[in-house]
Structures are given as C-alpha cells and as structure tokens.
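> Here's a structure for you.
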Amino acid sequence: MLKQISFLRTLSLFLSNDKEKMNTKELLRACHIENGSLVDSSFQEVLHAHYSHSRIVIMVDENTHDCCLEFLITSFDQLANAEVMLLPAGEENKVLEVCFQVWEALTEYGIGRNDLIINLGGGVVTDMGGFIAAVYKRGVDFIHIPTSLLGMVDASIGGKTGVDLGVYKNQLGVFRAPVKIYTDHLFLETLPELEVLNGFAEMLKHALISSIEMWSDLKSISSLKAIKESQCIEQSQAVKCRVVLADPLESGQRKTLNFGHTVGHAIEGFYLDSLALPHGHCVALGMVVESFISFAHGHLSKEELNDISSTILRWFEIPDFDSSSFESLVLLMKNDKKNSANKILGCALKGIGNCIWDVEYTSDEIKNGLEYLLKLK
Ligand SMILES: NC(=O)c1ccc[n+]([C@@H]2O[C@H](COP(=O)([O-])OP(=O)(O)OC[C@H]3O[C@@H](n4cnc5c(N)ncnc54)[C@H](O)[C@@H]3O)[C@@H](O)[C@H]2O)c1
C-alpha cells in the first residue's frame with residue numbers, strides 16, 4: 001500500500017536527517033507535500049498506480065463544490081465517476097453529526113478499506129474529511145488538496161484530524177497523515193480576500209516563531225495578490241513541517257504553533273457575538289500582545305517589538321475596545337485548554353525567529369499587553 005511505503009520513507013528520512021539540517025524540499029517531501037500545478041504533479045500517477053481499482057470519494061463544501069470541483073473532475077479521467085460528498089461549509093459544521101451522515105453514506109455506497117477519499121477544501125474539509133477517513137473501517141487512505149491559504153500552509157499539514165464538540169474546538173480527533181498533500185495556487189484565485197488574510201496571519205506566525213529570513217520576506221509583501229503568488233507559502237509550509245516532524249504528537253515544540261493563540265482565542269471569544277472577528281485577525285492581534293509580553297520578559301528588544309507590531313497592524317485593524325474589557329479577556333484566557341495548574345500558559349518570542357513555550361503569563365502582564373495594543377490604535 002502507498003500509505004505504508006510513504007510512512008516508512010518519512011521515518012527513514014527523518015531518522016537519517018537532523019531536522020534542523022533538512023532543506024525545504026526535504027521537509028516538504030517528508031510531509032508528503034507536492035507544490036505546483038496539480039495537472040503536472042504526481043497526482044494522476046498516484047491515482048493510476050495505487051487506486052485504479054478503488055472507488056474514489058471527493059469531499060467538498062458548498063464553496064469548493066462551486067469553485068474547485070469542476071476543475072478536478074474534468075482534469076482527471078479517473079475522477080469522472082467519483083462519488084462527491086457535499087459537506088456544509090463553515091466551522092459550525094465541523095461536528096460529529098455531519099461525520100455520522102457521511103459514514104452512513106460511505107457504508108451505503110459500499111466504500112471499503114482499499115478505497116480513497118480526496119479532501120478538496122479549506123481546513124474544515126481537510127480536518128473533518130481526514131477524521132472521517134481515519135475512523136471509517138479503522139482507516140482508509142486520504143489525499144488532501146487544500147484550497148484555502150490557511151489549509152495550504154497549516155491545516156493540511158501535520159496529521160491532526162478532528163471535529164469540534166460544542167464550544168470546544170478540535171475536541172475529538174486522531175492523528176493520521178494523508179497519503180499526499182497537493183498544493184496548487186490556482187485554487188487561491190477564487191478564495192475570498194478575508195480568507196487570504198486569515199492564512200497570511202498564520203504565515204506571519206510561522207516566520208516569527210522560526211525564521212527571521214522569512215519575516216523579512218513577508219515584510220516586503222504589499223498586496224493580497226502578492227501574498228497569493230509569494231514563495232513564502234512554501235517557506236511557511238516548510239516551517240510547519242519542521243515543527244511537526246520534530247514533535248508529531250505535540251509534547252513540546254509543536255506548542256510554538258500556538259504563538260498568538262492564547263490571547264487571540266480570548267479576543268475571538270470576546271467578539272463572537274458582536275464583531276465576529278475572523279480567527280486570523282484575532283491571532284494577529286494576539287501576536288502583538290504576546291510579543292509585548294515577550295518584550296516584558298526581556299526576550300525581545302523594543303525595536304523588534306515595534307517591527308512586529310507595525311508589520312502586523314499594516315494588515316489587521318485594532319477593533320474598538322477599552323480597559324473595561326481587560327478583565328473579561330483575562331478570564332477567557334484562564335479557561336484556555338493549554339493551561340495547567342491554573343496558570344495561563346502561552347509562548348514567548350526569544351528574538352524574531354525563535355520561540356519558547358509553556359511560558360506563564362500573569363494577569364498584569366496580559367493587561368499591560370492589551371494596554372499597549374490599545375495605545376497603537
Ligand atoms: N489540523 C490542523 O493542524 C489545523 C491547523 C490550523 C487550522 N485548522 C483548522 O482549519 C480550519 C480553518 O481552515 P480554513 O481557514 O481553511 O477554513 P474553511 O475550511 O472554513 O475555509 C474558509 C472559507 O473559504 C472557503 N473556501 C475554501 N477554499 C476556497 C476556494 N478555493 N475558493 C472559494 N472559497 C473557498 C470555504 O468554503 C470557507 O467558506 C479550522 O477548523 C481550524 O481548526 C487545523
């Protein structure tokens with residue numbers, strides 16, 4: 001089976017290479033990522049060599065059904081008769097109830113263990129489609145074709161699959177790697193601008209936690225079009241690969257991917273019923289506050305802090321809020337699932353391009369960080 005071959009190859013690559021020394025191409029290969037035109041990629045060959053006798057199911061949501069599916073099924077003969085599962089779009093639908101319906105449909109269609117699921121969509125489709133595939137009959141192969149920027153640089157990479165449970169994000173899930181991830185920038189043409197920014201926030205995070213060179217490259221980007229065409233997409237994927245290969249099950253270094261998220265999640269929760277600020281926007285503001293905390297801990301210089309804040313705030317606006325909100329925001333952070341022993345834990349930058357984790361934030365430090373953000377408005 002292709003899945004086993006790829007797994008062994010990854011393992012041997014990883015064992016024989018110090019991850020710090022692996023270059024971008026090696027990192028992407030180890031995570032089964034292929035970038036570039038899907039038509040010119042190994043996709044056709046993989047379908048033909050490993051799934052010519054398999055049934056193929058394509059998972060889409062309403063938007064990728066309308067914007068991306070036709071290209072896929074008209075470009076590859078083998079997909080002309082694929083079953084298409086239409087999932088409702090949006091985070092609110094990343095739930096077990098939808099999975100149940102899909103598992104019933106897969107059973108009805110007689111999909112077996114040697115068949116293939118292709119997840120064509122953003123992070124919601126790849127997270128939920130991956131989970132559906134990983135659990136169905138104890139696991140069928142799946143390929144991710146991410147169509148959102150966030151999906152390309154983040155959600156499709158690293159083997160986390162899952163769904164939300166009530167207000168708890170990603171509460172149910174398993175680790176399981178896709179057989180392949182194909183990233184074709186063509187899909188970004190129809191992606192709404194807000195979604196491009198959502199993905200860009202995660203790219204900024206990847207640079208801040210691990211690469212000063214990538215940070216300088218990102219600083220020179222000045223339009224949404226340039227983001228979509230940027231080489232930084234590949235650099236960003238490489239950062240995620242490096243981190244997940246070093247710590248696949250999140251016992252340490254993988255926590256650095258949460259930089260900006262301790263404060264960001266609280267901001268997201270705070271505005272949920274009013275402004276409903278997008279996730280990436282909240283993480284971006286969270287990164288400014290957490291950079292301030294890093295500065296307060298003596299890990300970042302004033303110049304670095306100014307550089308981070310001004311770069312982020314070129315893209316993301318500070319919403320209206322005042323110091324009367326600080327207490328509620330801190331309370332939301334106290335409920336963050338990353339905490340332990342009643343302490344608020346987050347990440348801190350040790351200079352741009354280097355990140356430490358499990359750093360305790362005191363309530364006062366957070367409030368000072370929020371005050372700093374307010375003053376930048
Ligand atoms: N597994 C992981 O490691 C990981 C990491 C980060 C995020 N995530 C998850 O990813 C999800 C967020 O991903 P997302 O931002 O891609 O959200 P999403 O999947 O909801 O996509 C955002 C929106 O863009 C639309 N869309 C996607 N591609 C399109 C295209 N090419 N053209 C037109 N519309 C398109 C979608 O239909 C949706 O409306 C969250 O559920 C988050 O928990 C997972």
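None of the figures in this text is laboratory data; all of them are computed from the coordinates on show. Source: prediction; values computed, not measured. We place every Cβ from the backbone using ideal geometry, glycine too, and count neighbours over all the protein chains shown.
> Pairs of alpha-carbon atoms within less than 8 angstrom and 6+ residues apart define the contacts here; what relative contact order does segment 193-375 have, in percent?
Value for segment 193-375: 27 percent.
> If contacts are Cα pairs under 8 angstrom and at least 6 residues apart, what is the relative contact order of segment 31-190 in percent?
28
> How far, in nm, would the chain grow between Asp77 and Gln231 when pulled straight, counting 0.36 nm per residue and subtracting the alpha carbon separation?
Here the answer is 52.4 nm.
> Quick one: helix 96-108 against the long Cα principal axis of the chain, what's the angle to the nearest 10°, folded into 0 to 90?
10
> Within 10 Å, count the other beta carbons around each residue, average over each peptide in 117-127, 295-305, 25-35, and list them highest first.
Ranking the peptides 117-127, 295-305, 25-35 by packing returns 117-127, 25-35, 295-305.
> Still on this structure: Too long at a 19 Å Cα-Cα cut-off: which of Lys25/Lys160; Lys255/Lys375; Lys180/Lys240; Lys219/Lys255; Lys255/Lys343?
Table pairs above 19 Å Cα-Cα are Lys25/Lys160; Lys255/Lys375; Lys219/Lys255.
> Any idea what the alpha-carbon Rg over 2.2 N^0.38 Å comes to for segment 225-377?
1.02
> Treating the chain as a set of equal point scatterers at the Cα positions, no solvent, please give the Debye-formula log₁₀ I(q)/I(0) at q = 0.06, 0.08 Å⁻¹.
-0.22, -0.40
> So, one more: For the chain, give the magnitude of the charge dipole about the Cα centre (Cβ charges: +1 Lys/Arg, -1 Asp/Glu; no others), in debye to the nearest 20.
1220
> Figure the gain on full extension for Val84 and Leu96 (residue separation times 0.36 nm, minus the Cα-Cα span) and round it to one decimal in nm.
Contour length minus Cα-Cα distance gives 2.4 nm.
> So for each of 70-82, 152-164 I average, over its residues, the number of other beta carbons within 10 Å; can you give me the resulting order with the highest mean first?
Highest-to-lowest ranking by the protection proxy: 152-164, 70-82.
> OK, next. Provide the net charge surrounding Ile221, with neighbours chosen by a C-beta distance below 13 Å and charges set as Lys +1, Arg +1, Asp -1, Glu -1.
So the surrounding residues net to +2.
> Take peptides 272-285, 194-207, 99-112 and line them up by average Cβ neighbours within 10 Å, highest first, as a rough protection proxy.
Ranked from most to least packed, the peptides come out as 194-207, 272-285, 99-112.
> Hey, what angle do you get for helix 302-313 against the long axis of the chain, alpha-carbon based, 0 to 90 degrees rounded to 10?
For 302-313 against the chain, the angle is about 50 degrees.
> Now for a different question. Can you give the angle from 0 to 90° between the axis of helix 261-270 and the longest principal axis of the chain, with both taken from C-alpha atoms, to the nearest 10?
Compared with the principal axis, the helix lies near 90 degrees.
> If you take the square roots of the eigenvalues of the alpha-carbon gyration tensor of segment 247-309 and sort them as a ≥ b ≥ c, do you get rounded (a/c under 1.5), prolate (a/b over b/c) or oblate?
oblate
> Find how much the distance from Ser363 to Asn306 grows on full extension, using 0.36 nm per residue of separation minus their present alpha carbon separation; answer in nm with one decimal.
18.3 nm
> Run the numbers on segment 251-316 and let me know its relative contact order in percent, using alpha-carbon pairs under 8 Å that are six or more apart.
31
> Suppose we keep just the DSSP beta bridges with both residues in the chain; what percent of those would be antiparallel, to 5?
The antiparallel proportion sits near 35 percent.
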